[in-house]
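The values are calculated or read from the model by the stated rules, or taken from the named source; none is laboratory data. Since the structure is predicted, the reported quantities are computational estimates derived from the model, not experimental observations. Glycine also receives a Cβ, built like all others from the backbone with ideal geometry; neighbour counts cover every protein chain displayed.
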Amino acid sequence: MFAKGQTVIQLMEQLAPRHVAMEGDKIGLQLGTLQKEIKQVLVALDVNQEVVDEAIRIGADLIIAHHAIIFRPLAQLQTDTPAGRLYEKLIKHDIAVYISHTNLDVTEGGMNDWMAEALGIESTDSMEDVHTDKLFKLVVFVPKDHHQKVLEAVLNAGAGHIGNYSHCSFNIEGYGTFLPGEGSDPFIGQPGKLERAEEIRMETIVPASLRSKVIQAMLKNHPYEEVAYDLYPMDLKGRTFGLGRVGKLKEPTTLGEYAELVKRELEVPFVRVVGDMEKKIRKAAVIGGSGGKYWRSAQFRGADVLVTGDVDYHTAQDALAAGIAFIDPGHNAEKIMKRKVADWLSAKLAEQRSATKVAASEVNTEVFVVR
């Protein structure tokens, strides 16, 4: 059985939640519909004519890409322009395009973690915080014999996480009173008669991003017709998502040697290097895409070098003068996401026993050639 488009995207957003994307980022469904069965997914860095031809060739119904195909509002859609021809071909072949960009960059186990792992950067921290989940305390009163069922439901929905601990809750027994009114259908007691029931006050932590999911799970498993519960905002910080990664290398090396490692591990044809090739590199930072402007954040966190793409001349001058090196593998180094996303999504679909297949694009979208 093939997965519906919405199901594929729900799985994708487990990896890269929409709410952690940077403000204004062009993410989500950009073309086509998800209201259909998806037999084949193609994961790509960019969507150009060659990638669309590849999608047609393998029978893809959906492309999941990192870079948006629509950056600004369209005043018109002319099919005699390069962009127009691209959209026309996608529409004619009923291929939807979904974008996962900065949300894939900042998420745990996403783009910047993959790049850091490839480059031997250990015990990583984020370079620049982007999003912190607000936390709420959920308090709900549950009849004693339904307590375990409701508790498991809300914890399985994502409640109860504090730092590195999960399934956190507090539970205390007591008595609840209520008087069912006319027209009610109480789980316990009778209309018009004051009822006294053994209940458990259950408390747990709920992140804002999972609030609706947790409440729905609680209501679905709670036996009462009218559920008594409260949500309190908390000062305690929740999970933080950030751009880039910085950490110590497995082994100290020189800038020149590290540049060769970056070139090899990110499978790029060339790198540009700013700094003394003999400089000792013990701590490195990496950020996918165009991250040159974050060199001060990298240096503040103790990095000797920042690996990122699209570094401009004056930014390189400023960083060099301040004592931090650059290794620029180009923007296309983000192609590491193709195989990683394809493997992750394939595994999730297999868990659901879906027949939907996922392939990593084999098209090289690098636009630069060194002669």
Hits in the range 166-207 (condition: in contact (Cβ under 8 Å) with a residue 12 or more places away in the chain, not in a strand (DSSP E or B) and not hydrophobic (A, V, I, L, M, F, W, C)): 167, 180, 184, 185, 186, 192, 193
Single match in 358, 367, 307 (criterion: farther than 22 Å from residue 53 by Cα, in contact (Cβ under 8 Å) with a residue 24 or more places away in the chain and not in a helix (DSSP H, G or I)): 307
Checked against (1) free of Cβ contacts under 8 Å to residues at least 12 places away in the same chain; (2) within 42 Å of the chain's Cα centre (by Cα), residue 223 satisfies every condition except (1)
Residue 343: passes all of (1) without any contact (Cβ under 8 Å) to a residue 60 or more places away in the chain; (2) assigned by TED's automatic domain parsing to the domain that holds residue 113 but (2)
Return the only residue of 275, 288 being touching an Asp or Glu at 6+ places or on another chain (Cβ under 7 Å) and either surrounded by 14 or more Cβ atoms within 10 Å (Cβ to Cβ) or closer than 20 Å to residue 110 by Cβ (or both). 288
Can you give me the number of residues within the range 40-83 that are farther than 21 Å from residue 366 by Cβ and assigned to a loop (DSSP other than H, G, I, E, B)? 14
Which one is modelled with the lowest pLDDT, of the residues in the range 250-260 that are surrounded by fewer than 17 Cβ atoms within 10 Å (Cβ to Cβ) and not acidic (Asp, Glu)? 250
Does residue 321 fit the bill of being farther than 30 Å from residue 43 by Cα and assigned to a loop (DSSP other than H, G, I, E, B)? no
Pull out all pairs, ordered by first then second residue, where Cβ-Cβ is under 8 Å, the residues are six or more apart or on different chains, the first lies in the range 142-165 and is within 21 Å of residue 225 (Cβ to Cβ), and the second is acidic (Asp, Glu). 142/199; 143/198; 143/199; 144/173; 144/198; 144/199
Could you check the range 295-320 and list, in sequence order, the residues that are under 24 Å from residue 251 (Cα atoms) and among the aromatic types (Phe, Trp, Tyr)? 295, 300
